Amino acid sequence: MFYFITIASATLLIALLNLLLDGLWSLYAYGEHLLFTTLGVAAVIAVDGILAFILRRLPEKWFLPEAKIFSVGIKERNFYRKIKIQIWKKHVPEWGCFTGFHKDKVQSPNDSTYLGRFLLESNYGVAGHVGGALFGYAILLLPFLRPLTMGLPIAVVNMILSWLPVMVLRSNTMPLRKLYRRSLEREEHQARIEKDALASVPEPASRT
């Protein structure tokens, strides 16, 4: 709901800004600006969707659970704590409905396979949102949009709304990686115990 209200409000205000800059006060002129602004918003959403489609076709090894490029340092983690991300992140939509894997809650904290998939999807999400924030500025090239008073404000709003889920996903990366490593160690330890137990079972005596 927060995103819908933000996008709708920004669309109305950007159209109003251009109306005021033109010095026109007719409903028709406002409707025209509103139409072009809405098309610009639709275009930037399309850019986000196309980028997500392309990312899903890149090698999965680039987005593995502990890929170095997606690492989060202590300073970054502390920054998320400082801005109290745990309080307001509930207002940022989670897009798991498009991938079949929801990332709003850890369902199996002791399952390495599940946690690995969680981190993989999180890395895809970070890459997609960062790319969307940057490539959203491509709408400045659209001929029907005024680059400075329509295209640029739309791109800036898109960048902000894209960066919020990036912060949410990255704020979860460090604790998720710890859970992932612990689950792997636990499963490896259990596998060794079972292997040793099997090795200690005496072989049946052969018949002569």
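Is it the case, given these coordinates, that E185 is over 27 Å from G73 (Cα atoms) and either surrounded by fewer than 17 Cβ atoms within 10 Å (Cβ to Cβ) or more than 21 Å from the chain's Cα centre (by Cα) (or both)? So E185 fails the test. The residue pairs whose first member lies in the stretch 98-114 and is farther than 20 Å from G128 by Cβ, whose second member is part of a loop (DSSP other than H, G, I, E, B), and whose beta carbons are closer than 6 Å, counting only pairs six or more residues apart or on different chains, are Y114/S108.
To keep it simple, each residue is scored yes or no on (1) modelled with pLDDT of 90 or more; (2) β-branched (V, I, T); (3) farther than 19 Å from T149 by Cα.
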| position | (1), (2), (3) |
| --- | --- |
| L20 | yes, no, no |
| G31 | yes, no, no |
| I50 | yes, yes, yes |
| L58 | yes, no, yes |
| W62 | yes, no, yes |
| A67 | yes, no, yes |
| K75 | yes, no, yes |
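A single entry from T113, T37 fulfils the requirement of being of a type in the set (S, T, Y) and at pLDDT 95 or above: T37.
Considering the stretch 25-52, and only residues there that are surrounded by 14 or more Cβ atoms within 10 Å (Cβ to Cβ), over 30 Å from V126 (Cα atoms) and of a type outside the set (F, W, Y), the residue that is farthest from the chain's Cα centre (by Cα) turns out to be A29. Restricting M167, M174 to those that are closer than 30 Å to S9 by Cα, among the hydrophobic types (A, V, I, L, M, F, W, C) and in a helix (DSSP H, G or I) reduces the list to M167.
Listed here are the residues, each with its yes/no results for (1) part of a helix (DSSP H, G or I); (2) at pLDDT 95 or above; (3) surrounded by fewer than 17 Cβ atoms within 10 Å (Cβ to Cβ).
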position	(1), (2), (3)
I87	yes, no, yes
K90	yes, no, yes
D104	no, no, yes
P109	no, no, yes
A127	yes, yes, no
A133	yes, yes, no
G151	yes, yes, no
V157	yes, yes, no
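The values are calculated or read from the model by the stated rules, or taken from the named source; none is laboratory data. Everything numeric in this text was worked out from a predicted model, so none of it was measured. Here the Cβ is made from the backbone with ideal geometry for all residues, glycine too, and neighbour counts use every protein chain on show.
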